[in-house]
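Reading through the structure tokens given below for one structure.
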Amino acid sequence: MEQDARIFQTPSYKSARKAYIAQCTFEYLSALLVSDAFLAKLLASIGIRDSLIGIISSFISLAFVVQLLSLMVSALPIDRKKTVVAFNVVSQLLFCSLYLIPFLPVGTGAKTVLVIVGVLLAYAGQYIASPICYQWANSYVDPDHRAEYSAVKEIVSLLSGMVFSAVVGYIIDRFEGLGNLNGAFLFIACCMLITALLNIVSLLLIKGDGKKQTAVPLGGMGKETFGNQKFRRLVVMTILWNCAQYFSVGFLGVFKTKDLLLSLFAVQIINTAGQLARMLVSVPFGRYSDRKGFAKGFELAAVIAGAGFLINIFITRDLWFLIILQTLCYNIAMAGTNANAFNITYRCVDSRYIAQAIAIKNSIGGICGFLAALLAGKVVSHIRDAGDTLFGLPVFPQQVLSVISLLLTAATILYIKLAIEKTPEPSG
């Protein structure tokens with residue numbers, strides 16, 4: 001054991017961890033430009049309805065389904081590094097191309113289809129490789145410090161994202177103020193191309209041994225996943241949490257810019273405040289999770305997320321500043337949910353099947369999250385068509401969606417207490 005622990009301090013392992021932090025950072029910067037107000041601005045410019053904007057914003061959950069393809073990939077004797085790099089190149093270039101769609105000489109319907117296909121294919125490429133990348137890159141991380149390492153990795157991403165999104169948001173507002181929204185989209189496409197190149201370079205710098213991975217027998221995979229009670233409980237928790245998120249989060253971008261009348265720069269400043277809060281609590285959250293257990297860490301984060309959904313219920317145009325509190329709560333919660341959602345999987349399945357377990361869990365949770373977004377889209381359409389009223393009362397659709405998200409979050413917390421926490425987490 002002592003020899004095993006010592007290997008994590010070798011130069012090659014340290015370099016691999018640094019490169020992985022850099023790769024996650026550049027991937028995060030790209031993700032910022034295809035989410036929230038940025039994506040809402042692109043979709044609105046094409047002429048897409050608010051209800052469909054929220055659904056398209058939630059395609060990230062549906063794209064998780066393609067992670068099932070990684071099950072077949074993992075059964076092949078492939079070079080993990082080459083596979084991850086190849087899929088990442090395709091994914092990042094597709095993301096860049098999204099902001100070139102407004103320049104095409106086609107109608108709104110065709111542009112809408114291109115956006116949907118582009119988003120799905122881009123996330124498909126990313127998510128097929130994601131479980132393989134996670135298993136490969138995390139093999140250079142000391143198992144006893146996974147949560148703390150995840151926190152440091154997140155802090156670097158958030159610090160970079162705060163500056164990056166604020167600067168890009170300001171420049172886009174300037175373009176829009178000059179009546180040159182297409183110029184703004186071209187600028188975003190250039191930014192995404194740069195982050196894509198840096199993303200690929202970082203992946204190339206992560207240590208690779210050049211050996212073919214050992215094929216994983218599908219029979220053993222089924223026993224370690226669906227035949228494993230702890231894993232089945234984790235899947236249920238993931239379904240509840242994904243439904244809670246996607247019922248409202250994908251619709252908040254258009255809520256901020258259209259209903260609350262906030263500029264893109266103002267939205268990014270608010271998001272930056274949220275990211276700063278997330279950064280400040282990342283390491284404490286990681287240490288808490290390493291000490292108390294990943295389930296406890298996830299539960300605490302869900303409580304904070306629930307507070308954010310509760311606040312969102314009361315946001316109006318006059319009380320627009322409450323969106324700041326909602327953003328702070330949600331971002332702080334992300335410091336505890338994202339890393340713990342991955343790390344808790346190590347406590348449920350054999351490490352040989354981590355990539356497969358993550359793929360199955362994310363795919364099932366993604367399908368359910370997307371179905372929740374579809375239902376939420378129906379709610380948004382109904383309230384919009386009624387002149388932003390429900391049962392004769394004036395209301396923004398996102399307020400109603402937040403009520404449902406709050407209830408689903410409460411169900412997630414209750415399930416963790418009753419089912420997940422009762423299963424002891426093994427050490428190591």
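The values are calculated or read from the model by the stated rules, or taken from the named source; none is laboratory data. Being a predicted model, the structure only gives us computed values, none of them experimental. Cβ sites come from the backbone with ideal geometry, for glycine too, and all protein chains shown count toward neighbours. Quick note on the areas: whole protein, heavy atoms, side chains included, nothing else; ligands and nucleic acids left out. Shrake-Rupley method; radii C 1.70, N 1.55, O 1.52, S 1.80 Å.
Mind checking which helices in the chain clear 27 Å along their axis (Cα) and have mean Kyte-Doolittle hydropathy of 0.0 or more, DSSP H runs only? Write down the numbers at each step before the final one.
Numbers: long enough: 11-32 (32 Å, -0.15); 80-98 (28 Å, 0.87); 108-137 (41 Å, 1.08); 146-177 (45 Å, 0.66); 181-205 (37 Å, 2.28); 264-292 (39 Å, 0.29); 294-313 (29 Å, 1.53); 322-346 (37 Å, 0.85); 354-385 (46 Å, 1.05); 397-415 (28 Å, 1.43).
Correct list, ordered by number: 80-98, 108-137, 146-177, 181-205, 264-292, 294-313, 322-346, 354-385, 397-415.
Over its Cα atoms, what ratio of radius of gyration to 2.2 N^0.38 Å does the stretch 11-51 give?
1.84
For the stretch 285-347, which whole-number percentage of the solvent-accessible area (1.4 Å probe, protein heavy atoms only) is attributable to carbon and sulfur atoms?
67
Sort the stretch 242-283 into rounded, prolate or oblate with this rule: let a ≥ b ≥ c be the square roots of the eigenvalues of the Cα gyration tensor; rounded if a/c is under 1.5, and if a/c is not under 1.5, prolate when a/b is larger than b/c, oblate otherwise. Numbers along the way, then the final one.
On the way: a/c = 4.34, a/b = 1.18, b/c = 3.68.
Note, shape of the stretch 242-283 comes out oblate.
What residue among Tyr99, Thr25, Ile206 has its Cα farthest toward the positive end of the dipole of the chain, where the charges are +1 on Lys, Arg and -1 on Asp, Glu, each on the Cβ?
Result: Ile206.
In what order, largest first, do His382, His145 sit by accessible area if the probe radius is 1.4 Å?
Listed by decreasing accessible area, they come as His382, His145.
At a Förster radius of 51 Å, what calculated FRET efficiency corresponds to the Cβ-Cβ distance of Ala273 and Lys223, to the nearest 0.05? Present the calculation step by step, with values, prior to reporting the outcome.
Values: r = 46 Å, r/R0 = 0.91.
About 0.65, to the nearest 0.05.
With a 1.4 Å probe and all protein chains kept in place, how do Lys361, Lys296, Lys82, Lys153 rank by accessible area, largest first?
Greatest to least solvent exposure: Lys82, Lys296, Lys153, Lys361.
Quick one: order Asp290, Asp259 from most to least accessible surface, probe 1.4 Å.
Listed by decreasing accessible area, they come as Asp290, Asp259.
Read through the labelled values (i) 34, 25, 20; (ii) 30, 28, 21; (iii) 37, 25, 19 and report the label of the one computed as semi-axes √(5λ) of the Cα gyration tensor in Å from the structure.
From the options (i) 34, 25, 20; (ii) 30, 28, 21; (iii) 37, 25, 19, the structure gives (i).
Apply 1/(1 + (r/R0)^6) to the Cβ-Cβ distance of Lys417 and Asp350, taking R0 = 30 Å, and write down the FRET efficiency to the nearest 0.05. Mind showing how you got there, number by number?
Details: r = 26 Å, r/R0 = 0.87.
The computed FRET efficiency comes out at 0.70.
Using +1 at the C-beta of Lys and Arg and -1 at the C-beta of Asp and Glu, which of Ala386, Gly179, Gly365 has the Cα lying farthest in the positive direction of the dipole of the chain?
Gly365
Is the shape of the stretch 278-428 best called rounded, prolate or oblate, per the rule: a/c under 1.5 gives rounded, else a/b larger than b/c gives prolate, else oblate, with a ≥ b ≥ c the square roots of the Cα gyration tensor eigenvalues?
Note, shape of the stretch 278-428 comes out prolate.
Mind checking which lysines have their C-alpha under 16 Å from Lys14, skipping anything on the same chain fewer than 8 residues away?
Qualifying lysines at Cα under 16 Å: Lys153, Lys207.
By a straight-distance test (C-alpha under 16 Å), which lysines pair with Lys292 as possible cross-link partners, with residues fewer than eight away in the same chain excluded?
Cross-link targets: Lys417, Lys422.
Measure up Lys18/Lys230; Lys81/Lys230; Lys230/Lys361 against 22 Å on the Cα-Cα distance and list the ones that go over.
Among Lys18/Lys230; Lys81/Lys230; Lys230/Lys361, the Cα-Cα distance tops 22 Å for Lys18/Lys230; Lys81/Lys230.
Can you tell me how much longer the chain between Leu322 and Val303 gets when fully stretched, taken as 0.36 nm per residue apart minus their C-alpha distance, in nm with one decimal? Walk me through the numbers before you get to the answer.
Numbers: separation 19, 0.36 × 19 = 6.84 nm, distance 1.80 nm.
Stretched out fully, the Leu322 to Val303 stretch lengthens by 5.0 nm.
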